[in-house]
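A single structure is presented below for examination.
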Amino acid sequence: MDLFKNSEDVAIAENAPLAVRMRPRTIDEIVGQDEFLGKGKMLRRMLEADALSSLVFYGPPGVGKTTMATAVANYCDCEFYSLNASSTSVKHVREIIDHARGLLTSSKKRTVLFIDELHRFNRAQQDVLLGDVENGVIILIGATTENPFFTINSPLLSRSTIFEFKALSESDIMTLLHRAISDTDRGLGKYKIDATDEALEHLATISDGDARRALTGLQVGVMSQVREAGRDDITVNFDLNIAQESLQQKAIQYDRSGDMHYDAASAFIKSMRGSDPDATVYWLAKMLVAGEDPRFVARRIAILASEDIGNADPRAITVAASAFEITDRIGMPECRITLAQAAIYMACAPKSNASYAAINAAMEDVQQNRTTPVPRHLKNAPHPGMKEAFGNSEGYQYSHNFEGGVSPDQDYLGVDKTFYTPTDRGYEKHITAYLKWVDEIQGR
(Lines give C-alpha, C1' and ligand atoms only; values in the text may rest on other atoms or scores of the structure.)
Protein backbone atom coordinates (compact mmCIF):
# COMPACT_ATOMS: atom_id res chain seq x y z
CA MET A 1 0.00 0.00 0.00
CA ASP A 2 1.37 3.41 -1.02
CA LEU A 3 1.50 5.93 1.80
CA PHE A 4 0.28 8.69 -0.52
CA LYS A 5 -2.87 7.35 -2.17
CA ASN A 6 -4.32 10.33 -4.06
CA SER A 7 -3.32 13.54 -5.77
CA GLU A 8 -3.72 15.61 -2.63
CA ASP A 9 -1.36 13.29 -0.78
CA VAL A 10 1.11 13.42 -3.65
CA ALA A 11 1.10 17.21 -3.62
CA ILE A 12 1.69 17.24 0.11
CA ALA A 13 4.46 14.68 -0.23
CA GLU A 14 6.30 16.71 -2.87
CA ASN A 15 6.39 19.73 -0.58
CA ALA A 16 6.95 17.84 2.66
CA PRO A 17 10.13 18.31 4.69
CA LEU A 18 13.06 16.15 3.69
CA ALA A 19 12.67 14.02 6.83
CA VAL A 20 9.12 13.11 5.78
CA ARG A 21 10.01 12.44 2.15
CA MET A 22 12.92 10.21 3.13
CA ARG A 23 10.93 7.97 5.45
CA PRO A 24 11.70 4.35 4.63
CA ARG A 25 8.80 2.67 2.84
CA THR A 26 9.81 -0.92 3.45
CA ILE A 27 11.17 -2.92 6.35
CA ASP A 28 14.49 -3.39 4.58
CA GLU A 29 14.98 0.38 4.18
CA ILE A 30 14.70 0.97 7.91
CA VAL A 31 17.94 1.85 9.68
CA GLY A 32 18.55 0.91 13.31
CA GLN A 33 16.43 -1.03 15.84
CA ASP A 34 18.34 -4.23 15.07
CA GLU A 35 17.50 -5.53 18.57
CA PHE A 36 14.04 -6.51 17.36
CA LEU A 37 14.08 -5.95 13.58
CA GLY A 38 17.36 -7.68 12.73
CA LYS A 39 17.50 -11.10 11.13
CA GLY A 40 15.96 -13.68 13.41
CA LYS A 41 14.71 -11.05 15.89
CA MET A 42 11.20 -10.84 17.30
CA LEU A 43 9.43 -8.35 15.02
CA ARG A 44 11.13 -9.70 11.89
CA ARG A 45 10.04 -13.23 12.84
CA MET A 46 6.45 -12.07 13.45
CA LEU A 47 6.33 -10.49 9.99
CA GLU A 48 7.92 -13.41 8.18
CA ALA A 49 5.57 -15.84 9.90
CA ASP A 50 2.53 -13.65 9.07
CA ALA A 51 1.74 -13.74 12.78
CA LEU A 52 1.54 -10.03 13.47
CA SER A 53 -0.29 -9.05 16.64
CA SER A 54 -0.97 -5.64 18.09
CA LEU A 55 2.18 -3.69 18.93
CA VAL A 56 3.29 -0.83 21.16
CA PHE A 57 6.29 1.20 19.99
CA TYR A 58 7.94 3.05 22.87
CA GLY A 59 10.85 5.46 22.56
CA PRO A 60 12.05 9.04 22.11
CA PRO A 61 11.03 11.28 19.18
CA GLY A 62 12.69 10.94 15.80
CA VAL A 63 13.74 7.28 16.02
CA GLY A 64 11.27 5.85 13.50
CA LYS A 65 8.14 4.72 15.34
CA THR A 66 5.75 6.13 12.73
CA THR A 67 8.00 4.93 9.91
CA MET A 68 8.08 1.43 11.36
CA ALA A 69 4.29 1.32 11.64
CA THR A 70 3.87 2.30 7.98
CA ALA A 71 6.50 -0.19 6.81
CA VAL A 72 4.88 -2.98 8.83
CA ALA A 73 1.49 -2.24 7.24
CA ASN A 74 3.08 -2.23 3.79
CA TYR A 75 4.85 -5.54 4.46
CA CYS A 76 1.62 -7.21 5.53
CA ASP A 77 -0.44 -5.66 2.70
CA CYS A 78 -2.89 -4.28 5.23
CA GLU A 79 -5.25 -1.34 5.06
CA PHE A 80 -3.52 1.44 7.00
CA TYR A 81 -5.02 4.23 9.10
CA SER A 82 -2.96 6.74 11.03
CA LEU A 83 -4.37 8.81 13.88
CA ASN A 84 -2.99 11.05 16.58
CA ALA A 85 -4.55 10.46 19.98
CA SER A 86 -4.42 14.15 20.85
CA SER A 87 -6.66 15.17 17.93
CA THR A 88 -8.95 12.22 17.25
CA SER A 89 -12.23 11.08 18.78
CA VAL A 90 -13.73 7.80 19.89
CA LYS A 91 -16.33 8.23 17.13
CA HIS A 92 -13.60 8.30 14.49
CA VAL A 93 -11.94 5.23 15.99
CA ARG A 94 -15.27 3.36 15.96
CA GLU A 95 -15.80 4.27 12.29
CA ILE A 96 -12.40 2.83 11.38
CA ILE A 97 -13.10 -0.34 13.39
CA ASP A 98 -16.49 -0.76 11.64
CA HIS A 99 -14.80 -0.35 8.25
CA ALA A 100 -12.07 -2.83 9.28
CA ARG A 101 -14.73 -5.38 10.27
CA GLY A 102 -16.46 -5.02 6.91
CA LEU A 103 -13.17 -5.23 4.98
CA LEU A 104 -12.16 -8.38 6.86
CA THR A 105 -15.53 -9.97 6.10
CA SER A 106 -15.63 -9.05 2.42
CA SER A 107 -12.00 -9.50 1.34
CA LYS A 108 -10.16 -11.12 4.25
CA LYS A 109 -7.86 -8.08 4.28
CA ARG A 110 -6.73 -6.91 7.69
CA THR A 111 -6.45 -3.33 8.93
CA VAL A 112 -3.59 -1.69 10.79
CA LEU A 113 -4.67 1.20 12.99
CA PHE A 114 -1.68 3.32 14.00
CA ILE A 115 -2.31 5.68 16.92
CA ASP A 116 0.50 8.09 17.64
CA GLU A 117 0.82 9.39 21.21
CA LEU A 118 -1.37 6.56 22.43
CA HIS A 119 -0.68 7.61 26.02
CA ARG A 120 -2.92 10.65 25.43
CA PHE A 121 -5.97 8.38 25.23
CA ASN A 122 -7.57 8.10 28.66
CA ARG A 123 -8.49 4.70 30.06
CA ALA A 124 -12.05 4.81 28.73
CA GLN A 125 -10.83 5.64 25.23
CA GLN A 126 -8.28 2.85 25.35
CA ASP A 127 -10.94 0.40 26.48
CA VAL A 128 -12.86 1.03 23.24
CA LEU A 129 -10.05 -0.79 21.40
CA LEU A 130 -9.90 -3.87 23.62
CA GLY A 131 -12.48 -6.18 22.07
CA ASP A 132 -11.48 -5.61 18.46
CA VAL A 133 -7.79 -5.87 19.26
CA GLU A 134 -8.39 -9.18 21.03
CA ASN A 135 -10.50 -10.74 18.25
CA GLY A 136 -8.17 -9.49 15.50
CA VAL A 137 -10.53 -7.10 13.74
CA ILE A 138 -7.72 -4.55 13.83
CA ILE A 139 -3.99 -4.72 14.36
CA LEU A 140 -3.29 -1.84 16.69
CA ILE A 141 0.11 -0.18 16.57
CA GLY A 142 0.44 2.42 19.29
CA ALA A 143 3.39 4.79 19.54
CA THR A 144 4.33 6.57 22.74
CA THR A 145 7.19 8.52 24.24
CA GLU A 146 5.85 7.75 27.73
CA ASN A 147 6.48 4.54 29.65
CA PRO A 148 3.63 2.27 28.47
CA PHE A 149 3.55 0.37 31.76
CA PHE A 150 2.36 3.57 33.46
CA THR A 151 0.27 5.19 30.72
CA ILE A 152 -1.48 2.37 28.86
CA ASN A 153 -4.16 0.10 30.30
CA SER A 154 -2.92 -3.27 31.49
CA PRO A 155 -5.59 -5.20 29.50
CA LEU A 156 -4.47 -3.46 26.29
CA LEU A 157 -0.80 -4.07 27.09
CA SER A 158 -1.47 -7.76 27.71
CA ARG A 159 -2.85 -8.03 24.18
CA SER A 160 0.16 -6.28 22.63
CA THR A 161 3.87 -6.84 22.12
CA ILE A 162 6.01 -3.95 23.37
CA PHE A 163 9.11 -2.85 21.48
CA GLU A 164 11.44 -0.22 22.92
CA PHE A 165 13.03 2.00 20.27
CA LYS A 166 16.52 3.33 20.91
CA ALA A 167 18.04 6.57 19.66
CA LEU A 168 19.78 6.01 16.33
CA SER A 169 23.55 5.66 16.36
CA GLU A 170 25.81 8.15 14.60
CA SER A 171 26.50 5.58 11.89
CA ASP A 172 22.74 5.11 11.40
CA ILE A 173 22.29 8.87 10.98
CA MET A 174 25.22 9.00 8.55
CA THR A 175 23.56 6.28 6.46
CA LEU A 176 20.35 8.31 6.28
CA LEU A 177 22.19 11.52 5.38
CA HIS A 178 24.11 9.85 2.54
CA ARG A 179 20.87 8.28 1.35
CA ALA A 180 19.14 11.68 1.27
CA ILE A 181 22.01 13.26 -0.65
CA SER A 182 21.98 10.56 -3.34
CA ASP A 183 18.23 9.96 -3.71
CA THR A 184 17.04 11.83 -6.84
CA ASP A 185 13.38 10.96 -6.32
CA ARG A 186 12.60 11.85 -2.72
CA GLY A 187 15.88 13.34 -1.52
CA LEU A 188 18.34 16.00 -2.64
CA GLY A 189 20.00 13.97 -5.37
CA LYS A 190 19.01 16.38 -8.13
CA TYR A 191 21.39 18.96 -6.65
CA LYS A 192 25.18 18.89 -6.93
CA ILE A 193 26.15 18.57 -3.29
CA ASP A 194 29.75 18.49 -2.13
CA ALA A 195 29.35 17.43 1.51
CA THR A 196 32.41 16.91 3.70
CA ASP A 197 32.57 14.00 6.13
CA GLU A 198 33.12 16.30 9.09
CA ALA A 199 29.98 18.28 8.20
CA LEU A 200 27.82 15.16 8.08
CA GLU A 201 29.47 13.79 11.22
CA HIS A 202 28.60 17.05 12.98
CA LEU A 203 24.93 16.61 12.06
CA ALA A 204 25.04 12.98 13.15
CA THR A 205 26.49 13.96 16.53
CA ILE A 206 24.52 17.11 17.29
CA SER A 207 21.18 15.53 16.35
CA ASP A 208 21.63 13.16 19.30
CA GLY A 209 20.04 10.16 17.60
CA ASP A 210 17.11 12.09 16.11
CA ALA A 211 17.03 11.43 12.35
CA ARG A 212 14.44 14.16 11.81
CA ARG A 213 16.74 16.84 13.21
CA ALA A 214 19.73 15.66 11.19
CA LEU A 215 17.81 15.59 7.91
CA THR A 216 16.28 18.99 8.66
CA GLY A 217 19.75 20.42 9.21
CA LEU A 218 20.90 18.97 5.88
CA GLN A 219 17.89 20.39 4.08
CA VAL A 220 18.40 23.86 5.57
CA GLY A 221 22.07 23.91 4.66
CA VAL A 222 21.50 22.79 1.06
CA MET A 223 18.31 24.62 0.18
CA SER A 224 19.41 27.94 1.67
CA GLN A 225 22.31 28.00 -0.82
CA VAL A 226 20.10 26.92 -3.72
CA ARG A 227 17.55 29.61 -2.94
CA GLU A 228 20.26 32.23 -2.52
CA ALA A 229 21.73 31.35 -5.94
CA GLY A 230 18.30 31.33 -7.56
CA ARG A 231 19.04 28.22 -9.64
CA ASP A 232 19.35 24.48 -9.13
CA ASP A 233 22.52 23.71 -11.08
CA ILE A 234 25.02 25.23 -8.64
CA THR A 235 27.47 23.14 -6.63
CA VAL A 236 26.36 23.23 -3.01
CA ASN A 237 29.30 23.20 -0.61
CA PHE A 238 28.07 21.61 2.59
CA ASP A 239 31.02 22.00 4.94
CA LEU A 240 31.38 22.11 8.72
CA ASN A 241 30.59 25.83 8.96
CA ILE A 242 27.36 25.37 7.00
CA ALA A 243 26.44 22.34 9.10
CA GLN A 244 27.01 24.29 12.32
CA GLU A 245 24.84 27.15 11.09
CA SER A 246 22.11 24.78 9.91
CA LEU A 247 21.71 22.97 13.22
CA GLN A 248 23.23 25.09 15.93
CA GLN A 249 21.82 23.92 19.23
CA LYS A 250 21.93 20.33 20.36
CA ALA A 251 18.56 19.11 21.56
CA ILE A 252 18.85 17.12 24.76
CA GLN A 253 16.11 14.51 24.85
CA TYR A 254 14.81 14.87 28.37
CA ASP A 255 11.44 14.83 30.04
CA ARG A 256 11.43 16.30 33.53
CA SER A 257 8.38 14.25 34.53
CA GLY A 258 9.01 11.03 32.65
CA ASP A 259 11.43 8.15 32.21
CA MET A 260 14.32 10.28 30.94
CA HIS A 261 14.22 12.30 34.16
CA TYR A 262 14.25 9.22 36.39
CA ASP A 263 16.75 7.32 34.26
CA ALA A 264 19.26 10.19 34.35
CA ALA A 265 18.76 10.60 38.10
CA SER A 266 19.25 6.86 38.57
CA ALA A 267 22.48 6.92 36.57
CA PHE A 268 23.68 9.94 38.57
CA ILE A 269 22.99 8.29 41.92
CA LYS A 270 24.47 4.95 40.93
CA SER A 271 27.61 6.65 39.62
CA MET A 272 28.15 8.42 42.95
CA ARG A 273 27.47 5.17 44.78
CA GLY A 274 29.87 3.37 42.45
CA SER A 275 32.70 5.87 43.17
CA ASP A 276 32.99 7.08 39.56
CA PRO A 277 33.45 10.88 39.62
CA ASP A 278 33.64 11.17 35.81
CA ALA A 279 30.32 9.42 35.21
CA THR A 280 28.86 11.37 38.13
CA VAL A 281 29.70 14.77 36.69
CA TYR A 282 28.57 13.70 33.19
CA TRP A 283 25.07 12.73 34.33
CA LEU A 284 24.95 15.88 36.45
CA ALA A 285 25.83 17.93 33.37
CA LYS A 286 23.18 16.20 31.26
CA MET A 287 20.47 16.95 33.80
CA LEU A 288 21.48 20.58 34.21
CA VAL A 289 21.87 21.25 30.48
CA ALA A 290 18.45 19.69 29.89
CA GLY A 291 16.91 22.11 32.38
CA GLU A 292 16.53 19.91 35.45
CA ASP A 293 15.67 21.73 38.68
CA PRO A 294 19.03 22.01 40.51
CA ARG A 295 17.24 21.63 43.84
CA PHE A 296 16.11 18.17 42.75
CA VAL A 297 19.75 17.29 42.13
CA ALA A 298 20.77 18.71 45.52
CA ARG A 299 18.12 16.56 47.23
CA ARG A 300 19.47 13.45 45.54
CA ILE A 301 22.98 14.28 46.77
CA ALA A 302 21.69 14.80 50.31
CA ILE A 303 19.86 11.47 50.31
CA LEU A 304 22.93 9.64 49.04
CA ALA A 305 25.14 11.25 51.69
CA SER A 306 23.26 9.34 54.38
CA GLU A 307 22.07 6.29 52.45
CA ASP A 308 25.33 5.29 50.77
CA ILE A 309 28.09 7.07 52.72
CA GLY A 310 26.74 7.52 56.20
CA ASN A 311 29.29 7.29 58.99
CA ALA A 312 32.04 6.09 56.66
CA ASP A 313 32.48 9.84 56.11
CA PRO A 314 30.31 11.88 58.52
CA ARG A 315 31.38 15.07 56.73
CA ALA A 316 29.43 14.04 53.62
CA ILE A 317 26.07 15.01 55.11
CA THR A 318 27.48 18.45 56.01
CA VAL A 319 28.76 18.91 52.47
CA ALA A 320 25.36 17.88 51.11
CA ALA A 321 23.49 20.24 53.45
CA SER A 322 25.73 23.14 52.46
CA ALA A 323 25.32 22.32 48.76
CA PHE A 324 21.54 22.26 49.13
CA GLU A 325 21.48 25.63 50.89
CA ILE A 326 23.81 27.29 48.39
CA THR A 327 21.88 25.85 45.45
CA ASP A 328 18.61 27.12 46.90
CA ARG A 329 20.09 30.58 47.47
CA ILE A 330 21.97 31.26 44.24
CA GLY A 331 20.39 28.98 41.61
CA MET A 332 21.72 28.35 38.12
CA PRO A 333 24.13 28.80 36.49
CA GLU A 334 26.50 29.36 39.44
CA CYS A 335 25.15 26.51 41.56
CA ARG A 336 26.37 24.03 38.94
CA ILE A 337 29.85 24.47 40.46
CA THR A 338 28.62 23.76 43.97
CA LEU A 339 26.64 20.73 42.81
CA ALA A 340 29.66 19.39 40.93
CA GLN A 341 31.88 19.81 43.99
CA ALA A 342 29.38 18.07 46.25
CA ALA A 343 28.62 15.26 43.80
CA ILE A 344 32.30 14.56 43.16
CA TYR A 345 32.91 14.56 46.93
CA MET A 346 30.20 11.91 47.32
CA ALA A 347 31.65 9.82 44.50
CA CYS A 348 35.11 9.90 46.08
CA ALA A 349 33.99 9.30 49.69
CA PRO A 350 34.20 5.86 51.37
CA LYS A 351 30.87 4.07 51.22
CA SER A 352 28.67 2.49 53.86
CA ASN A 353 24.95 1.81 53.90
CA ALA A 354 25.08 0.58 57.50
CA SER A 355 23.00 3.48 58.86
CA TYR A 356 20.45 3.04 56.05
CA ALA A 357 20.25 -0.70 56.72
CA ALA A 358 19.96 -0.10 60.47
CA ILE A 359 16.94 2.22 60.30
CA ASN A 360 15.23 -0.06 57.78
CA ALA A 361 15.75 -3.11 59.98
CA ALA A 362 14.62 -1.26 63.11
CA MET A 363 11.47 0.11 61.44
CA GLU A 364 10.61 -3.34 60.09
CA ASP A 365 11.04 -4.77 63.59
CA VAL A 366 8.75 -2.11 65.06
CA GLN A 367 6.11 -2.72 62.39
CA GLN A 368 6.23 -6.52 62.30
CA ASN A 369 7.02 -7.63 65.87
CA ARG A 370 5.71 -7.02 69.34
CA THR A 371 6.63 -3.51 70.40
CA THR A 372 9.37 -3.35 73.00
CA PRO A 373 8.34 -1.18 75.97
CA VAL A 374 10.76 1.44 77.24
CA PRO A 375 12.69 -0.07 80.19
CA ARG A 376 11.65 1.48 83.48
CA HIS A 377 15.13 2.83 84.25
CA LEU A 378 15.15 4.76 80.93
CA LYS A 379 11.76 6.39 81.35
CA ASN A 380 11.44 10.09 81.92
CA ALA A 381 10.75 11.32 85.46
CA PRO A 382 10.17 15.08 85.32
CA HIS A 383 8.29 14.93 88.66
CA PRO A 384 9.79 13.28 91.77
CA GLY A 385 6.50 11.45 92.37
CA MET A 386 6.88 9.57 89.09
CA LYS A 387 10.12 8.00 90.27
CA GLU A 388 8.65 7.30 93.66
CA ALA A 389 5.31 5.90 92.47
CA PHE A 390 6.23 4.23 89.19
CA GLY A 391 9.96 3.68 89.45
CA ASN A 392 10.68 5.82 86.43
CA SER A 393 14.42 6.43 85.98
CA GLU A 394 15.14 4.20 88.99
CA GLY A 395 18.50 2.50 88.51
CA TYR A 396 19.59 4.61 85.58
CA GLN A 397 23.40 4.84 85.43
CA TYR A 398 24.69 8.20 84.21
CA SER A 399 27.41 7.28 81.69
CA HIS A 400 29.78 10.11 82.61
CA ASN A 401 30.05 8.81 86.14
CA PHE A 402 32.03 5.85 84.85
CA GLU A 403 35.52 5.52 83.47
CA GLY A 404 35.60 6.07 79.73
CA GLY A 405 32.04 7.44 79.81
CA VAL A 406 30.53 3.95 79.52
CA SER A 407 28.35 2.23 82.13
CA PRO A 408 29.53 -1.37 82.53
CA ASP A 409 26.11 -3.01 82.98
CA GLN A 410 23.39 -0.66 81.69
CA ASP A 411 20.74 -2.11 79.32
CA TYR A 412 19.21 0.36 76.87
CA LEU A 413 16.73 -1.80 74.93
CA GLY A 414 15.54 -4.64 77.16
CA VAL A 415 16.00 -7.24 74.41
CA ASP A 416 19.04 -8.53 72.56
CA LYS A 417 18.87 -7.11 69.03
CA THR A 418 21.45 -5.74 66.61
CA PHE A 419 20.48 -3.27 63.90
CA TYR A 420 23.66 -1.28 63.24
CA THR A 421 26.70 -3.15 61.96
CA PRO A 422 29.41 -0.66 60.94
CA THR A 423 31.82 -1.48 58.15
CA ASP A 424 35.60 -1.31 58.24
CA ARG A 425 35.63 1.54 55.68
CA GLY A 426 36.44 5.17 56.32
CA TYR A 427 35.50 6.56 59.72
CA GLU A 428 33.31 3.53 60.46
CA LYS A 429 36.39 1.46 61.14
CA HIS A 430 36.91 3.73 64.19
CA ILE A 431 33.26 3.23 65.15
CA THR A 432 33.76 -0.54 64.86
CA ALA A 433 36.75 -0.37 67.15
CA TYR A 434 34.88 1.82 69.66
CA LEU A 435 31.87 -0.50 69.81
CA LYS A 436 34.17 -3.47 70.31
CA TRP A 437 35.75 -1.64 73.25
CA VAL A 438 32.28 -0.88 74.69
CA ASP A 439 31.37 -4.55 74.40
CA GLU A 440 34.51 -5.50 76.33
CA ILE A 441 33.64 -3.06 79.14
CA GLN A 442 30.09 -4.41 79.34
CA GLY A 443 31.30 -7.99 79.22
CA ARG A 444 29.52 -8.97 76.01
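Scan the range 389-405 and give yes if some residue there is among the small types (Gly, Ala, Ser), within 26 Å of residue 364 (Cβ to Cβ), over 43 Å from the mean Cα position of the chain (by Cα) and surrounded by 11 or more Cβ atoms within 10 Å (Cβ to Cβ), otherwise no.
no
This table checks each residue for (1) closer than 26 Å to residue 422 by Cα; (2) touching a helix residue (DSSP H, G or I) at 6+ places or on another chain (Cβ under 7 Å); (3) surrounded by fewer than 21 Cβ atoms within 10 Å (Cβ to Cβ).
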| site | (1), (2), (3) |
| --- | --- |
| 274 | yes, no, yes |
| 279 | no, yes, yes |
| 287 | no, yes, no |
| 291 | no, no, yes |
| 297 | no, yes, no |
| 304 | yes, yes, no |
| 309 | yes, yes, no |
| 319 | yes, yes, no |
| 334 | no, no, yes |
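Now for a separate question. So which helices (runs of 4 or more DSSP H) are wholly in the range 249-356 and hold at least 3 residues that are under 30 Å from residue 433 (Cα atoms)?
It comes to 259-273, 294-304, 315-330, 335-348.
Which residues, counting only those in the range 361-411, are small (Gly, Ala, Ser) and in a helix (DSSP H, G or I)?
361, 362, 385, 389, 399, 404, 405
What is the residue count in the range 37-62 for residues that are out of contact with any Asp or Glu (no Cβ under 7 Å at 6 or more places or on another chain) and either part of a loop (DSSP other than H, G, I, E, B) or surrounded by fewer than 20 Cβ atoms within 10 Å (Cβ to Cβ) (or both)?
Residues that pass the stated criteria total 15.
Residues in the range 336-344: is at least one in contact (Cβ under 8 Å) with a residue 60 or more places away in the chain, within 30 Å of residue 288 (Cβ to Cβ) and assigned by TED's automatic domain parsing to the domain that holds residue 274?
yes
Also, I was wondering about something else. Residue by residue through the range 398-430, note down the ones that are under 24 Å from residue 372 (Cβ atoms) and of a type in the set (Val, Ile, Thr).
406, 415, 418, 421
Related question: Would you kindly identify the helices (runs of 4 or more DSSP H) lying entirely within the range 134-218 that contain at least 1 residues that are under 25 Å from the mean Cα position of the chain (by Cα), within 28 Å of residue 232 (Cα to Cα) and in contact (Cβ under 8 Å) with a residue 24 or more places away in the chain?
Correct list: 170-182, 197-206.
The values are calculated or read from the model by the stated rules, or taken from the named source; none is laboratory data. Everything numeric in this text was worked out from a predicted model, so none of it was measured. A quick note on method: Cβ atoms are made from the backbone with ideal geometry, for glycine too, and the neighbour counts reach across all protein chains shown.
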